[in-house]
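Participant: Can you read through this structure? Questions will come right after.
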Amino acid sequence: MQGKRAMPGQEAGGPSDSAGSSPSQSISAAQGATGRSRDRVLAFLSAWKAHARALAEEKKLTFPHSFGEVVRQAVARIIRSLALREGNLFLLLAVIIGLASGLLVVCFRIAIEGTRLWFFGSSLTASPLRVLTVPTLVGFIIAAGIMLLFRGVRGSGVNQTKAAVYIYDGYIPFRTVIGKFVLCALAIGSGQSLGPEDPSLQIGAGIASALGRRLRLSREKIRLIAPVGAAAGLAAAFNAPISATIFVIEEVIGQWSAGVLGAIILAAVSSVVVMRGLLGSEPLFGVPPYRLANPTELLAYAVLGVIGGFSSLIFVKLIAKIRPWLKALPTWTHYAQPAAAGLLVGVIGLWFPQVMGAGYYYIDQAMHGQYLWETLAFLAIFKILATTISFASGTPGGMFAPTLFIGAMIGGAVGGVEHHFFPALTGPIGAYALIGMGTLFAGFLRVPMTSVFMVLELSGNYSIILPVMVSNTIAYLISRRYQSLALFDLLSSQDGVELPSMEEQREASALRVEDAMRPVSGPILLGEETFAEALERVSGFPEQHFLVNQRKRGWSTVTKEMLEWQTTPEKKDQPLSSLPPSTRLPWLHPDQPLDVAMRMMGDRPLLPVVNRANFEQIEGVVSLQDILNTYRKARP
């Protein structure tokens, strides 16, 4: 058997037996086997190299290109791992917008001051020739810029930002930002009686709009990003992030959610950080210390509220009369109106140069008692006239600074008169001037919350809160009583644009569920009752739908037809708690807005209205027809 076994040589090369094989034959056979193994390895390596060359040829990759591709893929993986959802990206963009807006507003303020120094020199009292000619000549340049290049820069900028949000889906052309920057710097620097805060608001909104479009944000986010930039611009111009945030919420968007509020605050804080880092952290005005020594002094501030309220009323009505009259003049006159306004402001400036420009320096002087009350009263009167002329002529610029100027002068004048007749009053003139600023702000711009927080931010003194609240509230109520439309609503109406009135939304009485609900008619069934018992209870009532109190499981509804269908020998003893889930009803509370009931109603026949303390205690029911009837009765 052993002689029959095949040897390796036999497997590889041919027949041989162990007895007949020689050593040389064995060696040659081994060498042949080794060569054949080497050939197979070489063939495998050749095939692998050919495959690699084909793969490289297919992908067109050389070593440097492969390395670049690897880097790109690695970066892409990192970006994907760090990818932000749009909501988080929105917050990050708010910080970027705040930084950019703060930087641009700083440049804007420097441009205004540089323009003023170039036109009038460093002296506080310029030569009469310059006072008359500079605003006039620059007025022609401004008019040409508006009519030929930047038609979107007319006005203060607040209504333009609101129009961008509610009409143009947050779109503000970047050329408007450029035009606002250049023309407002020329207007305010040349002495037109306007301020930089409102333009800064629109500049910030324009930056945000451009950035949102560049990043291809969703339509909803672009609409919301403009107010974020507006808050950033206003905060940097005002050095007051809280007031800027509240103003944007109170006047531009009217409502807020956590995400929007967070973005607005981040943008406002970021812009103020940039502004303070470049221009210093000093407040806009140096406010003297104040302490309310005697509560009876609140009567003196109440008088200030009355005078400030009627002064703001006169201011609004002058603009309401003069602005549409000037707009109705032939088109060619619009090329001369800013120049004519500049000439008239220059004439006033010959006797009262304080009314020209924003007037921050003179507000600070009034707070420190540098003027007699008679001078303060004249400055307030002529500032009202100069600002009305400048703004009504279409010259771009803001109303915030003139409002603060007029309020400070009126407050200082009222304080001076009261101290003359009542020397026992302890409040300094500066306190009256500061409170007067908030008072006119509340009466003229009709933003009561902003006016209170603005005074607190500017003063840094919480003890002034009581006189501020008293005076501002009185001025606001007087303005509302005798002027139906707030200033910004009035301006949009004159421009033929129907923007939402935030004041009307705040003051509108909302319809509630209790206005539409009616008492329950028919019996209220219980979940432990059987179908047979329930049918017996409702058989004598004409209603078709009946409420079922399922105790802790809520409420359901059932019809007579359903009860009759379930009253069979097999099902009649089953409880109403076995009703299918499709019969379950959500419930309402009497104080909820009626539109909530409309959204929850769906195709349900009615909804229960229950007590907040005990949802098993029924207060009434409401149906779709009840809701429609209530809206029909409430229509204007």
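Participant: Given a 1.4 Å probe, how much area per residue of region 340-477 is accessible, in Å²?
Facilitator: Heavy-atom accessible area per residue stands at 31 Å².
Participant: Taking every DSSP beta bridge with both residues inside region 513-634, roughly what % is antiparallel (nearest 5)?
Facilitator: 80 percent
Participant: Determine, from the Cβ-Cβ distance of Arg216 and Ser577 and an R0 of 41 Å, the FRET efficiency 1/(1 + (r/R0)^6), rounded to the nearest 0.05.
Facilitator: E between Arg216 and Ser577, to the nearest 0.05, is 0.15.
Participant: Measure off, as a whole percent, the carbon and sulfur share of the 1.4 Å-probe accessible area of region 513-634, all protein chains present.
Facilitator: 53 percent
Participant: For region 513-634, with only Lys/Arg (+1) and Asp/Glu (-1) charged at the beta-carbon, what is the dipole magnitude about the Cα centre, in debye rounded to 20?
Facilitator: My answer is approximately 260 debye.
Participant: Another question, if that's okay. What does the extension gain come out to for Gln494 and Asp591, with contour length at 0.36 nm per residue minus their alpha carbon separation? It would help to have the intermediate numbers written out before the result.
Facilitator: Details: separation 97, 0.36 × 97 = 34.92 nm, distance 3.78 nm.
Gain on stretching Gln494 to Asp591: 31.1 nm.
Participant: Which order do the peptides 613-622, 175-184 take when ranked by the mean count of other beta-carbon atoms within 10 Å per residue, highest first? Numbers along the way, then the final one.
Facilitator: Working: 613-622: 16.2, 175-184: 22.3.
Ranking the peptides 613-622, 175-184 by packing returns 175-184, 613-622.
Participant: Charges on Cβ only, +1 for Lys and Arg, -1 for Asp and Glu, centred on the Cα centroid of region 513-634; of Leu588, Gln617, Gly554, which one is farthest towards the dipole's positive end?
Facilitator: The listed residue farthest towards the positive side: Leu588.
Participant: Now for a different question. Can you give the Rg to Rh ratio for the chain, taking only C-alpha atoms and Rh from Kirkwood?
Facilitator: Using only Cα positions, Rg/Rh for the chain is 1.30.
Participant: In debye, nearest 20, what is the charge dipole magnitude of the chain about its Cα centre with +1 on Lys and Arg Cβ and -1 on Asp and Glu Cβ, if you could check?
Facilitator: Computed about the Cα centre, the dipole is about 2280 debye.
Participant: Still on this structure: Give me the net charge for the shell around Gln592: Cβ to Cβ below 12 angstrom, other residues only, Lys and Arg +1, Asp and Glu -1.
Facilitator: Net of charged neighbours comes to -2.
Participant: Now, a different point. How do the peptides 516-527, 226-237, 258-269, 201-212 rank, highest first, by the average count of neighbouring beta carbon atoms within 10 Å per residue?
Facilitator: My ranking of the peptides, most packed first, is 226-237, 201-212, 258-269, 516-527.
Participant: Can you run phi through the Karplus equation (6.51, -1.76, 1.60; θ = phi - 60°) for region 176-187 and list ³J(HN,Hα) in whole Hz, with x for Gly and Pro?
Facilitator: 5, 4, 4, x, 5, 4, 6, 6, 5, 4, 5, 5
Participant: Could the peptides 506-513, 561-568, 151-158, 88-95 be put in order, highest first, of the mean number of other beta-carbon atoms found within 10 Å of their residues? Write down the numbers at each step before the final one.
Facilitator: Working: 506-513: 13.5, 561-568: 15.2, 151-158: 23.8, 88-95: 18.0.
So the peptides 506-513, 561-568, 151-158, 88-95, ranked by packing, come out 151-158, 88-95, 561-568, 506-513.
Participant: Follow-up. Applying the Karplus parametrisation 6.51 cos²θ - 1.76 cosθ + 1.60 with θ = phi - 60° to the phi angles of region 330-338, what ³J(HN,Hα) value in whole Hz is obtained for each residue in order, glycine and proline being reported as x?
Facilitator: Going residue by residue, I get x, 4, 5, 5, 5, 6, 10, 4, x Hz, with x marking Gly and Pro.
Participant: Another question, then. Among Ser463, Phe352, Val95, whose Cα sits farthest toward the positive end of the charge dipole of the chain (+1 at Cβ of Lys/Arg, -1 at Cβ of Asp/Glu, about the Cα centre)?
Facilitator: Of the options given, the answer is Val95.
Participant: Rounded to the nearest whole Å², what accessible area per residue is found for region 494-636 with the 1.4 Å probe?
Facilitator: Accessible area per residue, region 494-636: 57 Å².
Participant: Separate question: Before rounding to the nearest 500, sum -39500 (n - 2.57) across all DSSP H runs of length at least 4 in the chain and divide by the residue total; then give [θ] at 222 nm in deg cm²/dmol. Could the numbers behind the result be given before it?
Facilitator: On the way: 26 runs with 402 residues, N = 636.
When only DSSP H runs of four or more count, the value is -21000 deg cm²/dmol.
Participant: Can you tell me the accessible area per residue over region 211-295, all protein chains present, probe 1.4 angstrom, in square angstrom?
Facilitator: 44 Å²
Participant: Assign one of three labels to region 86-279, namely rounded, prolate or oblate, based on the Cα gyration tensor with a ≥ b ≥ c the square roots of its eigenvalues; rounded applies when a/c is under 1.5, prolate when it is not and a/b is larger than b/c, and oblate otherwise. Write down the numbers at each step before the final one.
Facilitator: Values: a/c = 2.47, a/b = 1.75, b/c = 1.41.
Prolate is the answer for region 86-279, as a/c is 1.5 or above and a/b outweighs b/c.
Participant: While we're looking at this one, here's another question. Where the accessible area of region 295-505 is counted over protein heavy atoms with a 1.4 Å probe, how much of it, in %, is carbon and sulfur?
Facilitator: Summing carbon and sulfur atoms, their accessible area is 71 percent of the total for region 295-505.
Participant: So, with +1 on the Cβ of K and R and -1 on the Cβ of D and E, and no other charges, what is the size of the charge dipole of region 306-455 about its Cα centre, to the nearest 20 debye?
Facilitator: It works out to roughly 540 debye.
Participant: May I ask for the net charge around Tyr166, where only other residues with Cβ less than 12 Å from the Cβ of Tyr166 are counted and Lys, Arg are +1 while Asp, Glu are -1?
Facilitator: Numbers: positive: Lys162, Arg223; negative: Asp169, Glu498.
Neighbourhood net charge equals 0.
Participant: Under the rule of at least 5 residues apart or a separate chain, name every residue whose amide H is placed under 5 Å from the amide H of Trp555.
Facilitator: Gln550, Leu585
Participant: What ³J(HN,Hα) values, in whole Hz, does the Karplus curve 6.51 cos²θ - 1.76 cosθ + 1.60 give for region 582-588 when θ = phi - 60°, with x put for Gly and Pro?
Facilitator: Each residue of region 582-588 in turn: 5, 8, 5, 10, x, 10, 10 Hz.
Participant: Here's something else I'd like to know. Antiparallel as a % of all DSSP beta bridges within the chain, to the nearest 5?
Facilitator: Numbers: 15 of 18 bridges.
Restricted to the chain, the bridges split so that about 85 percent are antiparallel.
Participant: Oh, and also: Return the long-range amide H neighbours of Val621 (sequence gap of 5 or more, or a different chain), with a cut-off of under 5 Å between placed amide H atoms.
Facilitator: Arg518, Val520, Val609
The values are calculated or read from the model by the stated rules, or taken from the named source; none is laboratory data. Computed from a predicted model, the values in this text were never measured in an experiment. No Cβ is skipped: glycine too gets one built from the backbone with ideal geometry, and neighbour counts run over all protein chains shown. With ligands, DNA and RNA removed, areas are computed over all heavy atoms of the protein, side chains included. Shrake-Rupley method; radii C 1.70, N 1.55, O 1.52, S 1.80 Å.
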